Ligand SMILES: Nc1nc2c(ncn2[C@@H]2O[C@H](COP(=O)(O)OP(=O)(O)OP(=O)(O)O)[C@@H](O)[C@H]2O)c(=O)[nH]1
Ligand SMILES: [Mg+2]
């Protein structure tokens, strides 16, 4: 990590300014080679963290490349903990590219994706969960998901994980002492203490895990799948929610053949709306694949909107759909209410029992607002308290928490059945390591590379 990296840190395109960033021990040197201020080569005398006005020049020809502001930030009080030089030039593709090329020519190496943040992590400025929060912040699509990432960057998960790991460490220390100085009284005491602490650890892990699904929703959007037999108005519903003609709507059953996914921000709730092919038995190969895909979406759905046609009595396909959604979180939509009704409301109510039934006429726009209100109510009700500061938004963290939970449960079983302490210790240590992978204290190089490859270049 002794080389100096450089990258364009702003998005490529037309803009007011663009930023080229350098980090590493040669950052200042390289900056000095290509920058010319009013008083000559000013960076050398520049005060730390002050903006300097001047030009980037090509040292070989003295030709001006761009008019810029440049700042030098001395490590270790920087993002990467290394010396950093930032060059603020005109936006647009050409200036940033030419300046980047010059920095490379004078000794910098093109940064890999996320390499600035990786250095921040490796130099101990951020732990891994905080580094991951940086990606999430950059990718956040709603205020809420941004806020949750910001909390994570501020260390909300790190603090919780550290607290749990400290308890585990105390347990390990306790066990080691008991093994080194065997004494029956001490040992009995040890089992009692270990039990209390193991339960505490398990509780804390459970608490974090209980926020994980909510975190996924905040990050990716509430996965909302529209399901129904052909021609009931599923695509019309997608269009109504999006308020644009996204999907093709015709009166021919079997119009939608593939999955259509769109994101919408419903008063701050991120939704991923999925329109699907109408469920029916068909000989048409393309449609058949579409129907299979529709059914596959069900398991991944956070919420299903099952659409029925009120102008017809229930068909075999409708019964199949009722069966699919009966144990799922679902809203029942009775559509085409503008037409003469053929369904038996009480009968349907009885079939879907605990589910909310909403009557709509999507074609004329009736009932959409009620559907939206219902979705919002479901989201904000009960367990979905999205103001909580620590929410596990990252699937990698969730996986580690699940592993940690399994290990502490095994450990607890061992404690309860007075297993030899060195066996118990293995589970406790595993749990400690699982949690360490969240903060990055115990983690392999390959996983690190994978995590940082999700970043954009220049961050
Ligand atoms: N009268 C009436 N017609 C509607 C209503 N909603 C949708 N339609 C019509 O029903 C037909 C089918 O609508 P779509 O939205 O394509 O239905 P779909 O469920 O996506 O159908 P597939 O893609 O074939 O599965 C179209 O002609 C719509 O205009 C409604 O509330 N009332
Ligand atoms: Mg359709």
Inset, instruction - Exactly one condition in (1) part of a loop (DSSP other than H, G, I, E, B); (2) in contact with a helix residue (DSSP H, G or I) (Cβ under 6 Å, 6 or more places away or on another chain); (3) within 24 Å of residue 353 (Cα to Cα) is not met by residue 313; state its number. - result: (2)
Inset, instruction - Spot the failing condition for residue 331; the list is (1) within 16 Å of ligand 1 (Cβ to nearest atom); (2) surrounded by 14 or more Cβ atoms within 10 Å (Cβ to Cβ); (3) in a helix (DSSP H, G or I); (4) within 32 Å of the chain's Cα centre (by Cα), and only one is missed. - result: (3)
Legend entry - strands (runs of 3 or more DSSP E) contained in the stretch 1-98 and holding at least 3 residues more than 19 Å from residue 113 (Cα to Cα): 35-37, 51-58, 63-73, 84-90
Inset, instruction - Name the helices (runs of 4 or more DSSP H) wholly inside the stretch 388-459 in which the number of residues that are over 30 Å from residue 20 (Cβ atoms) and touching a residue at least 40 places away in the same chain (Cβ under 8 Å) is 2 or more. - result: 395-416, 421-439
Inset, instruction - Scan the stretch 229-248 residue by residue and report those that are more than 10 Å from ligand 2 (Cβ to nearest atom), in a loop (DSSP other than H, G, I, E, B) and either within 22 Å of residue 310 (Cα to Cα) or without any contact (Cβ under 8 Å) to a residue 12 or more places away in the chain (or both). - result: 229, 243, 244, 245
Inset, instruction - Check the stretch 365-386 and report whether any residue there is in a strand (DSSP E or B) and modelled with pLDDT of 90 or more. - result: yes
Inset, instruction - Look through 51, 28 and report the one residue that is touching a strand residue (DSSP E or B) at 6+ places or on another chain (Cβ under 8 Å), at pLDDT below 95 and surrounded by 15 or more Cβ atoms within 10 Å (Cβ to Cβ). - result: 28
Inset, instruction - Scan the stretch 288-309 and give yes if some residue there is more than 25 Å from residue 393 (Cβ to Cβ), more than 8 Å from ligand 1 (Cβ to nearest atom), in a loop (DSSP other than H, G, I, E, B) and touching a residue at least 24 places away in the same chain (Cβ under 8 Å), otherwise no. - result: no
Legend entry - Per-region count, the stretch 122-139, residues in contact (Cβ under 8 Å) with a residue 40 or more places away in the chain and either touching a strand residue (DSSP E or B) at 6+ places or on another chain (Cβ under 9 Å) or within 15 Å of residue 454 (Cα to Cα) (or both): 8
Legend entry - Residues located in the stretch 226-273, provided they are within 13 Å of ligand 1 (Cβ to nearest atom) and closer than 23 Å to residue 145 by Cα: 241, 242, 273
Inset, instruction - Filter the stretch 132-163 down to residues that are at pLDDT 80 or above and crowded, with 24+ Cβ neighbours inside 10 Å and give me whichever is farthest from the chain's Cα centre (by Cα). - result: 161
Inset, instruction - Filter the stretch 286-302 for residues that are buried (at least 18 other Cβ atoms within 10 Å of the Cβ) and closer than 18 Å to residue 378 by Cα and give the result. - result: 301, 302
Legend entry - Criterion violated by residue 266 - all others in (1) within 16 Å of ligand 2 (Cβ to nearest atom); (2) surrounded by fewer than 20 Cβ atoms within 10 Å (Cβ to Cβ) satisfied: (1)
Inset, instruction - May I ask you to verify whether residue 226 is within 11 Å of ligand 2 (Cβ to nearest atom) and under 26 Å from the mean Cα position of the chain (by Cα)? - result: yes
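For (1) within 16 Å of ligand 2 (Cβ to nearest atom); (2) out of contact with any strand residue (DSSP E or B) (no Cβ under 8 Å at 6 or more places or on another chain); (3) modelled with pLDDT under 90, each residue gets a yes or a no:
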| site | (1), (2), (3) |
| --- | --- |
| 285 | no, yes, no |
| 290 | yes, yes, no |
| 293 | yes, yes, no |
| 297 | yes, no, no |
| 304 | yes, no, no |
| 308 | yes, no, no |
| 320 | no, yes, no |
| 325 | no, no, no |
Legend entry - Residue list for the stretch 99-121, restricted to those being in a helix (DSSP H, G or I), more than 14 Å from residue 453 (Cα to Cα) and touching a strand residue (DSSP E or B) at 6+ places or on another chain (Cβ under 8 Å): 99, 100, 102, 103, 104
Inset, instruction - Go over the candidates 227, 237, 209 one by one and state the one that is touching a helix residue (DSSP H, G or I) at 6+ places or on another chain (Cβ under 9 Å) and at pLDDT below 90. - result: 209
Inset, instruction - Scan (1) without any contact (Cβ under 8 Å) to a residue 24 or more places away in the chain; (2) touching a strand residue (DSSP E or B) at 6+ places or on another chain (Cβ under 9 Å) for the single condition residue 68 breaks and write down its number. - result: (1)
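The values are calculated or read from the model by the stated rules, or taken from the named source; none is laboratory data. Note that this is a predicted model, so its numbers are computed, not measured. Positions of Cβ are backbone-derived with ideal geometry, glycine not excepted, and every protein chain shown enters the neighbour counts.
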